[in-house]
Amino acid sequence: MSTATPTPVKAERGVLTKKGLQADHPTWCPGCGDFAVLAAYYKTLEKLDLPQQNIVTLAGIGCSSRFPYFVNTHGGHFIHGRSLPFASGVSLGRDDLHVFVFGGDGDGFSIGGNHLDHAGRKNFRLTYVIMDNFVYGLTKKQTSPTSPQGFKSKTDPWGVFDRPTNPMRKLLSSGATFVARTHATQIKHMMEMYERAALHDGFSVIEVLSECVEFYKGAFDAGNPRKGGAFETIDEEVHDVSDMAAALALAEEPWPGKFGVYYETQQPTKNKLEKDLVEATRQKVGHKSDKELLAKTFASMR
Amino acid sequence: MPHNSANPIPAREELIRDAVIRLAGNSQDGIQSIGGFLARLAGRSAQEVMTYMTIPATISGGPSIFQVRMGTGEVLSAGDEADFLLAFYQHSYEDHIGFLKEGGVLLYDSDHVKLEEDDHRFVRVGVPISALTVEALGGSSREKGKNLFALGLLSRIFKLDVGKLREIFKERFGGKAEDVLRNVNLAFDAGFSYPIDNVLDRYFSFQSEEESEGPPQVTMDGNTALTLGLIAGGVRHGAGYPITPWSTIMEMLRQQLPRYGGVFVQAEDELAAVSMAIGFSYAGRLAVTGSSGPGISLKMEALGWATMAEIPLVVVNIQRGGPSTGLPTNVEQSDLLQAIHGSHGDCPRVVLAAENVEDCFYIAREACQLARKFSVPVFVLSDMSLASRIEAFDEPDLDALMIEPSLDTEDRPADFKPYDLERITRHAPPGTWVEGGVFPQVTGLEHDEAGHPSANPQMHAKMMKKRRSKIQQIAAELPPSQVFGDREGEVLVVGWGSTWGPIRETVIRERDCGRKIGHLQIRYINPLPNDLGEIFSRYEHILVVEMNDEGLYGYGQLATLLRARYCNPAIRSLNKTDGLTFKIKEIRQGIEAICPSPAATLQAPVQA
Ligand SMILES: Cc1ncc(C[n+]2csc(CCOP(=O)(O)OP(=O)(O)O)c2C)c(N)n1
Ligand code: SF4
Ligand SMILES: [Mg+2]
């Protein structure tokens, strides 16, 4: 990765522009798929036109997780694998925020794998983008949980023999209420997925195939028409996005598989359920002040 | 104490200052609840009280004890020996008789216990507790209610205030089905009316104490006090994962916080719990996470991030025996150095330790204040013994103490920098507009003032100093350390955490014997107060008493720290790792070992 050259930025209150969203110049290798993921994020935010100060961009650790530095929003660069629980706290603490999380395949499927299952089933209101490059980029070419068998990494120079995670199956079984898949060379499709994910009320997660040109060049050519591959999207006239069995069947399709929304359902979010609990409880205690409530608790212990 | 005029006991009355009562049975016998009733009664009778219990590590059944020390005047420890042992079973008798002091009263369930024939060291009182309980409640009750029968017996023997006890029953059981309260009273009455004077030639009454003018007393265990301290300190958010003995705090927070408009999340593990708590705090909601032993180890990486990113956070560690899964239901103070140094890198943070149940409330509240003011993680150390011990203390003055949480998303000026080198960090949580339109980043990478990564060596040194000097500033603002007893002399006994009571009682007794001795309990472990060096210089010996191992070099964890800081060879260490709290006798022996008193050589060995 090259060194940072800060670009001057200026955002205006109430006016969301691409220029106002830019921050540090990205430090990714030239040609890295992550640039496109970032560009699509800018464009999506611009289109959604949210109050800029209420957007939060968070990440774990990895090349992809440098993301927040390149976006002029409130941002946090957390630790490896724990961005989801961190972001869940932000989301649950503040209903007025729009929380977006970015990270790599190692961050999301390996060290942070368990958090996916719980963020999914609890349905926190946030959007999570996994920038899958099938390799550990930042630490320079070790095997990742999504590295296909045969890939020659520094930790498997003879070719990976452990079976890879099936990302879509993992995301579907996590209980996430919106699950989609896209490709970093397909900006329009990426934007469409982001936008739908952002508007989804619940835990929305997207796998975006984002090539690491440094350590796994050509990994996703099979899904890129310009490289002789096929970018086959899901036809929602045919595929019922609320059908989990159909979504799981899509996840089993041979490489490179299909792109688009695999699954979407409406379930109450953790945010809403906790809020309802608070409202019911506040009602029950007669909306007393905090001091009155605590004094009552002490009095019951006399 | 009001006299019960209906009491026909012709036996001799003995006035006592305090009594140590040990109840030994199985965990399903409800002896904890007798203890709870006694403690609460004492609290309402202007008596001091302290309890001690063991919870078996097994889920149900298994031996369990509850010990209550109650009396007039200050009660500082749970007592080295029992004046009174109530044994429900043979194993209770066999395991605990060694704890009863000679001449003490052994009350036992004659349906279950067979005494050794020729042991006449104790006053032996057998009562068919099981049979009489069944008789009182009817056959279907089996032996349930034995605890209340026993409480009835104790009330008779100690002339307890039955009226107040009945009030407490009513509060405790009034909400349940009518026959529950009726059965409680039936079992209690059966015990109370048992003709105990046929077998016991005396009864006891506590020296009366003036009903004090001060605030009413509240009675609770340390984990409850700590939880309420967090609420008073303005914590409304948090996350945790269950583990003994931390769990009861998270259970209370989960149930209590919605009343205050907050939320506590049971996370999938401690990594998630600490991360979520940090997320709440970053979002402007001061949060708590906590655990014990293994769970605290799991939190260490994220806690390092919170120091680096300068996020306020309260971290509770209810210590238990380690290492690893260790002794989950025993007490130990072996996480002190972990609390200070457990994360990688030079990672300064604040560490406080609660001295007793009451202090659990105050220190938790203070932790919230420090975390907020200095934007830093603050550890609160408590332990297994404080967690479940019940004490009575003055009801806190909430008018003065309550801190209402506030979310600060006021606009920030254009020159706002999250890591301003000239100021203590005060973050602008998301939702805050920054004039000029450049938003802050929070990060665990070394960074510049705006929060963008910087590997510049000078910047690293400057930021390191920024994170360190705010902790030094806390030290400068600490109140003066309080020495109890002699302000100079032969020995200063130093402790931290729950050893406060036993050390205080030891020092009182040693002073009564003419020794020039003082007591200093350190509540602020990191940073240490700045006045300790001067205090230490006034004593010939400094004995640091800790429930942890003497380590490779012969010093416990706090002793190691104090020796490193003060290079004072007078600092010595008294340690133990038997999973139990210090006895007065053990501390007195420790003092004697480094500083023999001339009187002691003339007398019999130190009696505690
Ligand atoms: C606890 C911990 N373990 C290991 C690392 C080292 N590390 C940093 S990023 C990374 C993997 C990055 O791979 P991925 O998440 O796929 O992101 P990418 O760089 O490919 O975008 C590792 C192992 C770390 N920072 N923290
Ligand atoms: S993912 Fe690969 S190409 Fe992208 S910045 Fe990292 S090393 Fe470079
Ligand atoms: Mg990767």
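The values are calculated or read from the model by the stated rules, or taken from the named source; none is laboratory data. It should be emphasised that the depicted structure is a prediction, and the values quoted were computed from it without experimental measurement. Virtual Cβ from ideal backbone geometry, glycine too; neighbours counted across all protein chains shown. We work out accessible area using only protein heavy atoms, side chains counted, and drop any ligands, DNA or RNA first. Shrake-Rupley method; radii C 1.70, N 1.55, O 1.52, S 1.80 Å.
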Rounded to 5, the percent of DSSP beta bridges in the protein assembly as shown classed as antiparallel: 30
Quote the accessible area belonging to B:Ser469 in square angstrom, nearest 10, computed with a 1.4 Å probe and with ligands, DNA and RNA left uncounted. 40
Are there residues in segment A:36-84 whose accessible area shrinks by at least 40 Å² when all protein chains are included rather than the chain by itself, and which are they (probe 1.4 Å, ligands and nucleic acids not counted)? A:Gln53, A:Tyr69, A:Asn72, A:His74, A:Gly75, A:His77, A:Phe78, A:Ile79, A:Arg82
Segment A:100-196: chymotrypsin sites (Phe, Trp or Tyr not before Pro) in DSSP coil with no more than 16 other Cβ atoms inside 10 Å: A:Trp158, A:Phe161
In the structure displayed, which of A:Lys19/A:Lys140; A:Lys122/A:Lys258; A:Lys122/A:Lys296; A:Lys47/B:Lys466; A:Lys18/B:Lys465; A:Lys270/B:Lys176 lie more than 30 Å apart, Cα to Cα? A:Lys19/A:Lys140; A:Lys122/A:Lys296; A:Lys47/B:Lys466; A:Lys18/B:Lys465; A:Lys270/B:Lys176
Segment A:216-235 versus segment B:262-299: alpha-carbon centroid distance in Å: 41
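What ranking of A:Asp96, B:Asp346 comes out by heavy-atom accessible area, probe 1.4 Å, highest first?
Listed by decreasing accessible area, they come as B:Asp346, A:Asp96.
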Rounded to the nearest 500 deg cm²/dmol, what is the calculated helix-only ellipticity per residue at 222 nm for chain A, with -39500 (n - 2.57) per DSSP H run of length n ≥ 4? -9000 deg cm²/dmol
Could you work out how far the C-alpha centroid of segment A:10-61 sits from that of segment B:318-341, in angstrom? 45
To the nearest 10 square angstrom, what accessible area does B:His96 show with a 1.4 Å probe? 30
With heavy atoms of protein chains only and a 1.4 Å probe, what residues of segment A:284-302 have at least 30 Å² less accessible area in the full set of chains than alone? A:Asp290, A:Lys291, A:Leu293, A:Leu294, A:Thr297, A:Phe298, A:Met301, A:Arg302
Rounded to 10°, Cα long-axis angle of helix A:187-199 versus longest principal axis of chain A: 20
Carbon-plus-sulfur fraction of the accessible area of the protein assembly as shown, 1.4 Å probe, in percent? 52
Residues of segment B:233-276 with accessible area at least 30 Å² lower in the all-protein-chain context than alone (1.4 Å probe)? B:Arg254, B:Pro258, B:Arg259, B:Tyr260, B:Val263, B:Val265, B:Glu268, B:Leu271, B:Ser275, B:Met276
In segment B:12-206, what % of DSSP beta bridges are antiparallel (nearest 5)? 45
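What order do B:Tyr555, B:Tyr89 take when sorted by accessible area (1.4 Å probe), most exposed first? Kindly include the intermediate steps, with their values, before the conclusion.
Values: B:Tyr555 65, B:Tyr89 35 Å².
These residues rank, largest area first, as B:Tyr555, B:Tyr89.
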The A/B contact buries a total accessible area, at probe radius 1.4 Å and rounded to the nearest 100 Å², of 5300
Please give the per residue accessible area of chain B, computed with a probe of 1.4 Å over protein heavy atoms only, in Å². 38
In degrees from 0 to 90, rounded to the nearest 10, what is the angle of the helix B:178-192 Cα long axis to the longest principal axis of chain B? 60
C-alpha long axis of helix B:357-374 to longest principal axis of chain B, angle in °: 10
Could you report the accessible area of B:Leu580 in Å², rounded to 10, computed with a 1.4 Å probe on the protein chains as they sit in the structure? 80
